[in-house]
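Undergrad: Structure in structure tokens, see below.
The values are calculated or read from the model by the stated rules, or taken from the named source; none is laboratory data. Keep in mind the model is a prediction, meaning the values are calculated, not measured. Note: ideal-geometry Cβ built from the backbone for every residue, glycine included; neighbour counts use all protein chains shown. Surface accessibility is based on the protein's heavy atoms, side chains included, excluding ligands, DNA and RNA. Shrake-Rupley method; radii C 1.70, N 1.55, O 1.52, S 1.80 Å.
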Amino acid sequence: MGTRVCIETWGCQLNLHQSEGIAGVLEKAGLTVVDRLEDADVVLFNGCMVRGKAEEKLLGRIGAVVEEKRRRNVVFGVGGCFGQVYGDTLFARSRAIDFVFGTRRHTELPALIEAARRDRVSLLAAADDISLEETPFRRASGVTAMVSIAEGCSNACAYCIVPRARGPMRSRDPDAVLAEVRDAVRGGRREVLLLGQNVNAYGTDRLEFGGFARLLVRVADEGPERIRFTSSHPRDMNQEILDAMASRTNVCRHLHLPLQSGSDRVLRAMNRGYTRESFLRLVDAARRTVSTVNVTTDLIVGFPGETESEFEETLEVVREVRFGSIYAAKYSPRPGTRAAAWDDDVPTDEKESRLACLLDIERTIAAGENAELVGATLIILIEGQTGDGRHFGRADDHRTVVVEGQVRDGDLIEVRIVSASASALIGEAEVS
Ligand code: SAM
Ligand code: SF4
């Protein structure tokens, strides 16, 4: 058997998708991708560093590779956002690391792995690298195809490492996107998930590509049964995109619209480019245009200088909007970002209590919203299995449903909701 590679991935869906590209490149070069570190000759960590916690998790996992290296010859590489930002300095952090790679130039990985058998090597992209690589993909899911529509991010949110790690936004040619969607549909995928750090800004770097609204309609017209997209930036969201969502029944009624904070002062300091008022107007427009749309969000607590009353303003928006779900995190300073130079002055225990309070309020809201669905029949796309062997899937509006009954991954079926909690709905497959 040839060289066997194990890829472990941390972080967002974009990173998971990039690992599908890395796996595709390696397979094309004749390597075999395996699931378990114990079975691999080459181990690749595709790391995240959006928060300190993501970094700690990756560093903690290096021990497992060190153990394996004691027993046999393993080549070990660390990359992704983590590799791109820290670069060659990682060699000093752990003697186990043989090569470092970044967020781009993944087609060169087979050659890098070969070189790493002889010497410590790195392969990083220049900060202003605007190239856009097309790779084959080894897709992890037979149900949902992730399709990237743009790489990188040209915003400058004060807290965020992404622009440094991934470079400026580069929109993909719409024809390449559509070809990939067509391929996914032909391969039996029922759902397409369009990915970008700021999908609403699609095409602003290449006006000849047209904007996101147009791309969304073209993707929908290729015929996938479901289309999702993430993330939307509130500043770049507009009526045209909402109208595009409403115009096609296969575009899911879900809008992930990261708010980050409900305080205008904090939003200004974060450089988000919208106000609490304009965000609320946007949610209103979304609900008027796309009936029953489920709005979800990201929030950061304890941003530098965030006062108790500014945090209260975030809670007010959360209570007013009634998000279907939220991803909330404590602020964590990231190297080289603008906010990292500011005093991280909200003490850790205060950040923790704000986070707990926020999650508590959201739990009550989500439980209430979900309870209203008991008795309803929803169309669910079955995505996989829970730890206890039951299946789960998602409703069109992104709510998770655990489904009892004889179902298989990829089924798109009617499910009657029988009970609800804050995090999930439980349903029974309707027998037709
Ligand atoms: N591009 C998307 C956007 O603008 O919302 C999301 C990008 S980021 C990978 C995902 C989420 O991580 C952000 O929405 C934010 O809430 C969170 N995040 C980013 N940097 C952070 C930091 N330094 N500390 C805490 N959370 C952070
Ligand atoms: Fe980071 Fe802001 Fe870009 Fe999102 S829009 S990736 S938060 S810089």
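Undergrad: Note the full-extension length gain between GLU414 and ASP88 as 0.36 nm times their separation in residues minus their Cα-Cα distance, in nm to one decimal.
TA: Extending this stretch completely gives an extra 112.1 nm.
Undergrad: Sequence-distant or interchain residues sharing an amide H contact under 5 Å with SER148, placed H: which?
TA: LEU195
Undergrad: Given Cα pairs under 8 Å that are at least 6 residues apart, what percent is the relative contact order of the chain?
TA: Rounded, it is 10 percent for the chain.
Undergrad: Compute and list, largest first, the equivalent-ellipsoid semi-axes of segment 144-371 from the alpha carbon gyration tensor, each √(5λ) rounded to a whole angstrom. Walk me through the numbers before you get to the answer.
TA: Values: eigenvalues 196, 89, 45 Å².
Sorted largest first and rounded, they come to 31, 21, 15 Å.
Undergrad: Still on this structure, I have one more. What does the convex hull of the alpha-carbon atoms of segment 4-123 project to on average, in nm²?
TA: Details: hull surface 25.7 nm².
For segment 4-123, averaging the hull's shadow over all directions gives 6.4 nm².
Undergrad: Rounded to the nearest 0.05, what FRET efficiency is calculated for ASP128 and ALA176 with R0 set to 30 Å and r the Cβ-Cβ distance?
TA: Details: r = 22 Å, r/R0 = 0.75.
The formula returns an efficiency of 0.85 here.
Undergrad: Another question about this same structure. Using alpha-carbon pairs under 8 Å, 6+ residues apart, how would you state the relative contact order of segment 4-123 in percent? Walk me through the numbers on the way to the answer.
TA: Numbers: 203 pairs, mean separation 29.3, N = 120.
That works out to 24 percent.
Undergrad: Using only Cα positions of segment 195-262, each an equal point scatterer, no hydration layer, compute I(q)/I(0) via Debye at q = 0.16, 0.21 Å⁻¹ and quote the log10 values to two decimals.
TA: Result of the Debye calculation: -0.51, -0.87.
Undergrad: Let me ask another. How much area per residue is accessible in the chain when the probe is 1.4 Å and only protein heavy atoms are counted (Å²)?
TA: Working: 18650 Å² over 432 residues.
For the chain, the per-residue accessible area is 43 Å².
Undergrad: Show that you can apply the helix-only estimate: for the chain, add -39,500 (n - 2.57) for every DSSP H stretch of four or more residues, divide by all residues, and state [θ] at 222 nm to the nearest 500.
TA: My calculation for the chain gives -11000 deg cm²/dmol from helical runs alone.
Undergrad: When the chain is treated as a GNM, springs tying every alpha-carbon pair under 10 Å, which of ARG226, ARG172, ARG72 comes out with the largest mean-square fluctuation?
TA: Top of the fluctuation ranking is ARG72.
Undergrad: Taking the Cα centre of segment 144-371 as origin, sum charge times position over the Cβ atoms of Lys and Arg (+1) and Asp and Glu (-1), and report the length of that vector in debye to the nearest 20.
TA: Dipole of segment 144-371, to the nearest 20 debye: 780 debye.
Undergrad: For labels at GLU56 and ASP345 in the simple 7 Å Cα→Cβ model, what's the distance in nm?
TA: It works out to 2.5 nm between the two label points.
Undergrad: Report, for the chain, the % of DSSP beta bridges that are antiparallel, rounded to 5.
TA: 35
Undergrad: How about LYS53: which lysines have a C-alpha closer than 19 Å to its C-alpha, ignoring those fewer than 8 places off in the same chain?
TA: The qualifying lysines are LYS330, LYS351.
Undergrad: For VAL295, enumerate residues with amide H under 5 Å from its amide H, sequence gap 5+ or separate chain, H modeled in the peptide plane.
TA: Those qualifying (amide H under 5 Å, at least 5 residues apart or on another chain) are LEU255, GLY324.
Undergrad: Using amide H atoms built 1.01 Å from N in the peptide plane, name the residues 5+ places from ASP411, or on other chains, whose amide H lies under 5 Å from its own.
TA: Close amide H contacts, sequence-distant or interchain: ILE382.
Undergrad: Taking LYS28 as the anchor, which lysines have their alpha carbon closer than 28 Å to its alpha carbon, excluding any fewer than eight residues away along the same chain?
TA: LYS69
Undergrad: Also, I was wondering about something else. At what distance in angstrom do the alpha carbon centres of segment 348-390 and segment 52-66 lie from each other?
TA: Comparing the Cα centres of segment 348-390 and segment 52-66, I get a distance of 28 Å.
Undergrad: Dividing the convex hull volume of the Cα atoms of segment 377-429 by its residue count, what figure in Å³ per residue is obtained?
TA: 69
Undergrad: With the contact rule set at Cα under 8 Å and sequence spacing of 6 or more, what percent relative contact order holds for segment 377-429?
TA: The value is 36 percent.
Undergrad: Only Lys, Arg, Asp and Glu count, each charged at its Cβ (+1, +1, -1, -1), so figure out the dipole size of the chain about its Cα centre, rounded to 20 debye.
TA: On the way: 56 positive and 65 negative charges, 179 e Å.
Dipole of the chain, to the nearest 20 debye: 860 debye.
Undergrad: For each cysteine in the chain, check whether another cysteine's C-beta sits under 4.7 Å from its C-beta; list those where none does.
TA: CYS6, CYS12, CYS48, CYS81, CYS153, CYS252, CYS357 - these cysteines have no disulfide-compatible partner (Cβ-Cβ under 4.7 Å) in the chain.
Undergrad: Another question, if that's okay. Rounded to the nearest 0.05, what FRET efficiency do ASP183 and ARG390 have when you use their Cβ-Cβ distance and R0 = 45 Å?
TA: 0.90
Undergrad: Going by the alpha-carbon gyration tensor, a ≥ b ≥ c the square roots of its eigenvalues, is segment 109-207 rounded (a/c under 1.5) or, if a/c is not under 1.5, prolate (a/b greater than b/c) versus oblate?
TA: Here segment 109-207 falls in the oblate category.
Undergrad: For the chain, how big is Rg over Rh, using alpha carbon atoms and the Kirkwood form of Rh?
TA: On the way: Rg = 22.0 Å, Rh = 22.9 Å.
Result for the chain is an Rg/Rh of 0.96.
Undergrad: So, one more: Whole angstrom only: what separates the Cα centroid of segment 129-198 from the Cα centroid of segment 264-316?
TA: When both Cα centres are located, 26 Å separates them.
Undergrad: Heavy atoms only, probe 1.4 Å: what % of the accessible area of segment 4-123 goes to carbon and sulfur, would you let me know?
TA: 46
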